[in-house]
Amino acid sequence: MVELNFVKMQGAGNDFILIDNRRGIIPTAAKAELAARLCPRAVAVGADGMIFLENDQECGARWDFYNSDGSLAEMCGNGARCFTLFARELGIFEEKFTFRTLAGIIDASVTGSARARVRLPDAPPLRMFNALYFAGVIQDVYSINTGVPHIVVPVEDVETIDVKKYGSAIRYHDEFAPAGTNVNFICAEAAGIKIRTYERGVEDETLACGTGSVAAAIVAGAEYGLKPPVTVLTRSGETLRVEYTAEGVQNVGVYLEGPAIKVYSGSLQL
């Protein structure tokens with residue numbers, strides 16, 4: 001029997017189980033199964049994903065990030081902010097922090113008692129899929145990779161969208177096979193944009209998605225003429241702030257800022 005300590009955190013309603021694994025208690029081969037066991041709601045801890053903090057020779061730390069279904073993920077913006085505050089609580093850094101992900105090295109800082117700012121990888125140009133057919137609908141959609149692949153669908157009102165139905169249809173669309181994609185529905189509002197997201201790996205709508213919010217903010221520049229910083233209102237009611245600079249066809253200096261809150265600490269007998 002092994003006692004495993006963990007921390008539950010959430011960023012704008014996107015929640016995670018975080019484990020300090022610098023002593024190697026959990027072997028890599030067991031991580032996916034553990035995530036799939038502990039992330040289901042009602043029957044386990046419950047979370048959108050699980051993050052393991054590991055040693056790194058060049059950065060402050062490395063993360064191994066798993067979606068709730070046990071699949072490995074390259075990047076997560078809300079998870080990155082939670083990971084930043086988790087690392088500071090462990091005494092790994094005081095002011096600025098870098099950590100390694102499958103999407104590259106992330107620069108991060110704490111901007112408040114429960115708030116963090118992370119620099120995400122530069123984003124490639126937007127790609128338009130004209131007249132995409134999904135679930136009986138034909139619509140132009142945007143594609144962009146902000147660490148993980150995202151489709152952004154501008155709609156008149158996100159409140160009326162069946163996110164699971166249409167999000168699932170696009171996520172599994174042949175155009176985006178075999179890896180699939182995350183799907184975001186956005187509309188303009190007075191303060192910026194409103195977003196709802198269907199997340200790959202969770203296979204359902206989540207209360208927020210950081211990389212999706214970044215994708216949506218960049219699309220909002222093309223679709224609505226919004227200039228950064230862009231305020232993104234998530235399904236949880238929390239807002240995220242997205243900064244970026246359009247440099248030629250690239251989007252550089254991409255930053256995501258928002259809440260990162262410790263919900264509770266706990267331990268499990270494995």
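The values are calculated or read from the model by the stated rules, or taken from the named source; none is laboratory data. All of these numbers come straight from a predicted model, not from anything done at the bench. A quick note on method: Cβ atoms are made from the backbone with ideal geometry, for glycine too, and the neighbour counts reach across all protein chains shown. Ligands, DNA and RNA are excluded from the accessible area calculation, which covers all protein heavy atoms including side chains. Shrake-Rupley method; radii C 1.70, N 1.55, O 1.52, S 1.80 Å.
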Checklist entry - Can you tell me which residues in region 221-250 are within 18 Å of the chain's Cα centre (by Cα) and open to solvent by less than 70 Å² (accessible area, probe 1.4 Å)? => result Val230, Thr231, Val232, Leu233, Thr234, Ser236, Gly237, Thr239, Leu240, Val242, Glu243, Tyr244
Checklist outcome for this item: Scanning region 55-73 residue by residue, the ones that are of a type outside the set (A, V, I, L, M) and open to solvent by 60 Å² or more (accessible area, probe 1.4 Å) total 5
Item to check | Every residue from region 1-25 that is within 16 Å of Ala35 (Cα to Cα), open to solvent by less than 10 Å² (accessible area, probe 1.4 Å) and not in a strand (DSSP E or B) | outcome: Asn21
Next on the checklist: Against the condition open to solvent by 40 Å² or more (accessible area, probe 1.4 Å), of a type outside the set (Phe, Trp, Tyr) and either part of a helix (DSSP H, G or I) or touching a Gly at 6+ places or on another chain (Cβ under 6 Å) (or both), how does Arg41 come out, does it pass?
Outcome noted: no
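Looking at Cys76, Cys82, which is the one that is touching a helix residue (DSSP H, G or I) at 6+ places or on another chain (Cβ under 9 Å), within 18 Å of Ala208 (Cβ to Cβ) and modelled with pLDDT of 95 or more? First the steps, then the outcome.
On the way: Cys82 fails: touching a helix residue (DSSP H, G or I) at 6+ places or on another chain (Cβ under 9 Å).
The unique qualifying residue is Cys76.
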Next on the checklist: Of the residues Arg81, Arg117, only one is open to solvent by less than 10 Å² (accessible area, probe 1.4 Å), among the basic types (Lys, Arg) and closer than 19 Å to Asn14 by Cα; which?
Outcome noted: Arg81
Checklist entry - With respect to Asp107, is the statement that it is of a type in the set (D, E, K, R), part of a strand (DSSP E or B) and touching a Ser or Thr at 6+ places or on another chain (Cβ under 7 Å) true? => result yes
